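This report refers to the structure that appears directly beneath it.
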Amino acid sequence: MSERIQWMSTKEAAEHLGVTLRSLYRFIDEGTLTAYRFGRVIRLKQEDVEQFIETCRIEPGSLEHLYPDLKGPAPRSSAVSR
């Protein structure tokens, strides 16, 4: 016996992801999050939302662009030689 599909409304999916509806619609429109239209209603499979979450996982060491001041060689010592 197959499992029943667990459907989420756009509001539920946005709340689950912690994003605005506008962001959710952007993910759908960009094709990064699958959604389905039934007449005027848009629904998302809970399984697809969970898979989307996993695709957004941040790899360690991939955020270096957020703190450029820490890149490069270590600063030289300011000790004065006599």
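Computed from the coordinates by the stated procedures, all read-outs in this text should not be read as laboratory data. Keep in mind that this is a model prediction, so the values were computed, not measured. Glycine gets a Cβ as well: all are built from the backbone with ideal geometry, and neighbour counts include every protein chain shown.
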Legend entry - Pairwise FRET efficiency - Glu64 versus Thr20, Cβ, R0 = 35 Å, nearest 0.05: 0.80
Legend entry - Sum of side-chain charges, Arg4 neighbourhood, beta-carbon under 14 Å (Lys, Arg +1; Asp, Glu -1): 0
Legend entry - Spacing of the two label points (7 Å from each Cα toward its C-beta) at Phe38 and Cys56, in nm: 2.4 nm
